[in-house]
Amino acid sequence: MIVNPLRSLILAAAGNEAVRRAVASAPVSRDVVRRFVAGETVASAVEVTGDLVEDGLRVTLDYLGEDTTDRARAERTVQAYLALLDRLHDVGLAADAEVSVKLSAVGQALDERLALDNASRVCAAAEQCGTTVTLDMEDHTTTDSTLRVLAELRRAWPDTGAVLQAYLRRTLDDCVALAGTRVRLCKGAYAEPASVAFVDPHEVDLNYVRCANVLLGGGGYPMFATHDPRLVEIVGERSRWYGRSVEDFEFQMLYGVRPTEQRRLAAEGHVVRVYVPFGEQWYGYLMRRLAERPANVAFFLRSLVSR
Ligand code: FDA
């Protein structure tokens, strides 16, 4: 995570319709999109998943789309997940691939009950296919609602994963509450006010380590989603201190980010899961990835002029 004017500018552009149209209509953006997004269809997502699994990695798949304010679109998202899960099952990849779901994509802004019902359908299909669901965490205004829906889902599907964001001041308490369960810990990707989030990257890192200690010391299954080399090393060291074997926790990274490191950790015996987004609604996701790293913006701008 970087906290600077460039990050704020890119995150603002993520919500700007004119910028979205300009980026989406430039054919040259496609190479950049392809670096971070596994195509627009279920078939392309499953193909990428197969390649990653062959390389010894596991996968969590995200059908792109967020902030849905219409029921029909929420329904299309559910249908996409159901088709994806069927396909993963049919090709024998369900044991190595789970799905990540954003509640805002299945109707959270319309009605929490609708999001719960829709997420329940995805959880039920995942269970039938022999895999699980993790609920992504979005901006802080949705945290309480997402944790309420998670608690409901876990009554029927106790393995449903939670995501907690180390940049939120509340997260250490949430880690204590959820330490006995499946929890993905990330730094957090949204532009949040200082009233609820640490803004100094060093403070975020310190909180990440505090939270990692709580999760490793609990009886659950922690999933450490970070590309930060220092945090990867600290988590490795702390996991040994807590007597965790390599099967007792996992590292997670994004598709297209530090792919060599993903394979290095897997070759060392670690469980490494790659977060693979796919679908037509790639714009907001791509903007968050660009905001994380100035080098990605340069890569993006170069691709715009180098064709
Ligand atoms: P940080 O951003 O500090 O980067 C550390 C180093 O990693 C950088 O110096 C660079 O070397 C490398 N790096 C990081 N990002 C890069 C990029 N985009 N391109 C190239 N190199 C990069 N967030 C959220 O709010 N809700 C969620 O549900 C999730 N879910 C999620 C799942 C998974 C599997 C991952 C890996 C991440 C998320 N995130 C997320 C995103 C997360 O909050 C965070 O924004 C990013 O992971 C970047 O933070 P890092 O921990 O990598 O550190």
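The values are calculated or read from the model by the stated rules, or taken from the named source; none is laboratory data. If you're wondering where the values come from, they're calculated on a predicted model, not measured in any experiment. Counting neighbours? That spans all protein chains shown, and the Cβs are built from the backbone with ideal geometry, glycine included.
Among helices (runs of 4 or more DSSP H) lying entirely in region 220-302, which contain 1 or more residues that are touching a residue at least 40 places away in the same chain (Cβ under 8 Å), more than 12 Å from the ligand (Cβ to nearest atom) and in contact with a strand residue (DSSP E or B) (Cβ under 9 Å, 6 or more places away or on another chain)?
Hits in region 220-302: 259-267.
Within region 35-90, restricting attention to residues that are of a type in the set (G, A, S) and part of a helix (DSSP H, G or I), which residue is surrounded by the most Cβ atoms within 10 Å (Cβ to Cβ)?
The residue in question is A45.
In region 105-150, how many are assigned to a helix (DSSP H, G or I) and closer than 19 Å to T69 by Cβ?
15
Considering only region 140-169, state which residues are surrounded by fewer than 16 Cβ atoms within 10 Å (Cβ to Cβ) and within 14 Å of the ligand (Cβ to nearest atom).
Correct list: T141 only.
Within region 208-219, is even one residue in a loop (DSSP other than H, G, I, E, B) and either aliphatic (A, V, I, L, M) or in contact with a helix residue (DSSP H, G or I) (Cβ under 9 Å, 6 or more places away or on another chain) (or both)?
There is at least one residue in region 208-219 that is in a loop (DSSP other than H, G, I, E, B) and either aliphatic (A, V, I, L, M) or in contact with a helix residue (DSSP H, G or I) (Cβ under 9 Å, 6 or more places away or on another chain) (or both).
In region 175-191, which residue that is in a loop (DSSP other than H, G, I, E, B) and surrounded by 19 or more Cβ atoms within 10 Å (Cβ to Cβ) is modelled with the lowest pLDDT?
Filtering region 175-191 for residues that are in a loop (DSSP other than H, G, I, E, B) and surrounded by 19 or more Cβ atoms within 10 Å (Cβ to Cβ), the one modelled with the lowest pLDDT comes out as A189.
Within region 39-52, count every residue that is within 18 Å of the chain's Cα centre (by Cα) and farther than 17 Å from L82 by Cα.
3
Answer yes or no as to whether T60 is out of contact with any Gly (no Cβ under 6 Å at 6 or more places or on another chain) and at pLDDT below 95.
Criteria not met by T60.
Return the total of residues in region 173-188 being over 27 Å from D117 (Cβ atoms) and away from the ligand (no atom under 16 Å from the Cβ).
The total comes to 3.
Please tell me if V133 is aliphatic (A, V, I, L, M), free of Cβ contacts under 8 Å to residues at least 60 places away in the same chain, surrounded by 16 or more Cβ atoms within 10 Å (Cβ to Cβ) and within 14 Å of the ligand (Cβ to nearest atom).
It is true that V133 is aliphatic (A, V, I, L, M), free of Cβ contacts under 8 Å to residues at least 60 places away in the same chain, surrounded by 16 or more Cβ atoms within 10 Å (Cβ to Cβ) and within 14 Å of the ligand (Cβ to nearest atom).
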